[in-house]
1. Under 6 Å between Cβ atoms, at least 6 apart or on separate chains: pull out the pairs that start in segment 2-23 with a residue that is part of a helix (DSSP H, G or I) and end on any residue that is among the charged types (D, E, K, R) and modelled with pLDDT under 60.
2. Mind checking which residues of segment 3-27 are surrounded by 12 or more Cβ atoms within 10 Å (Cβ to Cβ), modelled with pLDDT of 70 or more and over 17 Å from Phe44 (Cα atoms)?
3. Counting just the residues of segment 74-96 that are at pLDDT below 90 and of a type in the set (Val, Ile, Thr), which one comes out least open to solvent (accessible area, probe 1.4 Å)?
Amino acid sequence: NSNSLFIGCPGKALHMNILQAYYGRIIADNLKWSRIKVLVDIMFSKDYGGISRKRLSFYGNDPTCLFKYFVKREDPQENFVFAVLFLNFTCFIVITCSYSGIVIQT
């Protein structure tokens, strides 16, 4: 039922459990995300800084869908990134040589 792209991120079921515990009984079983966001905002007082949200995207550190090629020196994934780039480049060279050999022989 949930989107497997955002595994580890709270879904509607978890939000509904938290909202029911905070507000008591909630009539709507399937609220829209826009309404859930409003209810969550009300839970956090502006006196204590309010709530900040982390926007999920494809190019982040936590919920990544695509491989991130651009890393900084302090990123712990730097060696992994270079290993994957080297492997991609090696595969590109092998494929290019293979097709060149096929074209030359035919």
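1. Going by the 6 Å Cβ cut-off, there are no qualifying pairs.
2. Gly11, Lys12, Ile26
3. Kept after step one, since they are at pLDDT below 90, are these residues of segment 74-96: 74-85.
Those still in the list that are of a type in the set (Val, Ile, Thr) too: 81, 84.
Working: Val81: 2, Val84: 34 Å².
Per the stated criteria, the residue is Val81.
The values are calculated or read from the model by the stated rules, or taken from the named source; none is laboratory data. Computed from a predicted model, the values in this text were never measured in an experiment. We place every Cβ from the backbone using ideal geometry, glycine too, and count neighbours over all the protein chains shown. In case anyone asks, the SASA skips ligands and DNA or RNA and just uses the protein heavy atoms, side chains included. Shrake-Rupley method; radii C 1.70, N 1.55, O 1.52, S 1.80 Å.
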